[in-house]
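Written below as structure tokens is the structure these notes are about.
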Amino acid sequence: LIASMVKVAFQAQADRAGEPARVLAGMNRTFGGLLESQFVTAGYLYLDLERLRLEYSGAAHPALLICPAGGGDVVRLEQNGLMLGPFPDATYESVSHDLAPGDRIVMTTDGILEAGNAAEEQFGDERLPRLLAEGRDLTAEQLADALLEEVDAWTGARQDDDLTLVVID
């Protein structure tokens, strides 16, 4: 039911598509009081392919990761406001980032970062950027498969949360 509500709330923001912070604020107002004790985390990415620029805003969501095509460190974009639902007057801000041809963008849910092994250690924020850097030469699909295999190996195929992964080249 909540997934359906998210879809409807998102579609209602179509006129603000290029403004991530306004999209999240509008969705949050839509949820005001409707989710009871539940909440939604979200990351919204708008890509301007003509200008090679992105706009990103988050609502209690893991960082957006950018793996530069030319090498170098993985860039973490963390522009977070409160989760959607419990705080109808929450505000959100966007961050911009210029892209270069060949840059790779990766978005995940917390289910990947918080995936636990038998010793109750989390997959973590540090392991994912390292794996992205190591997988620079893989296609987007190959990288996604490799990352999910790493999480599966880490957890022993025991998953407690959803795993969502988006890789954009």
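The values are calculated or read from the model by the stated rules, or taken from the named source; none is laboratory data. This is a predicted model, so every value here is computed, not measured. Reconstructed Cβ throughout: ideal geometry from the backbone, glycine too, with neighbour counts over all protein chains shown. Heads up: the accessible areas ignore ligands, DNA and RNA and are worked out on the full protein's heavy atoms, side chains in. Shrake-Rupley method; radii C 1.70, N 1.55, O 1.52, S 1.80 Å.
Worth pointing out:
- Virtual spin-label span in nm between residue 8 and residue 34, 7 Å along Cα→Cβ: 0.5 nm
- Loop-located GluC sites (Glu not before Pro) in region 1-109 (DSSP state not H, G, I, E or B) with no more than 14 neighbouring Cβ atoms inside 10 Å: 36, 50, 78, 93.
- Around residue 65: net Lys/Arg minus Asp/Glu count, Cβ-Cβ under 14 Å: -3
- Sorted largest first, extent of the chain alpha carbons per principal axis (Å): 43, 42, 21
- Shape class for region 69-169: oblate, because the ratio a/c of the largest to smallest gyration tensor axis (alpha-carbon atoms, square roots of eigenvalues) is 1.5 or more and b/c is at least a/b.
- Once you reduce region 112-138 and region 143-167 to the center of their Cα atoms, the two points are 9 Å from each other.
- With one equal scatterer per alpha carbon and no solvent term, the Debye-computed log10 I(q)/I(0) for region 30-93 at 0.20 1/Å reads -0.82.
- Relative contact order for the chain: 20 percent, from Cα pairs under 8 Å spaced at least 6 residues apart, divided by residue count.
- When you filter the trypsin sites (Lys or Arg not before Pro) in region 1-92 for DSSP loop state and at most 11 other Cβ atoms inside 10 Å of their Cβ, you are left with 51.
- Element breakdown for the chain at a 1.4 angstrom probe: carbon and sulfur atoms account for 50% of the accessible area.
- For region 1-53, the solvent-accessible area works out to 63 Å² per residue, with a probe of 1.4 Å and every protein chain left in place.
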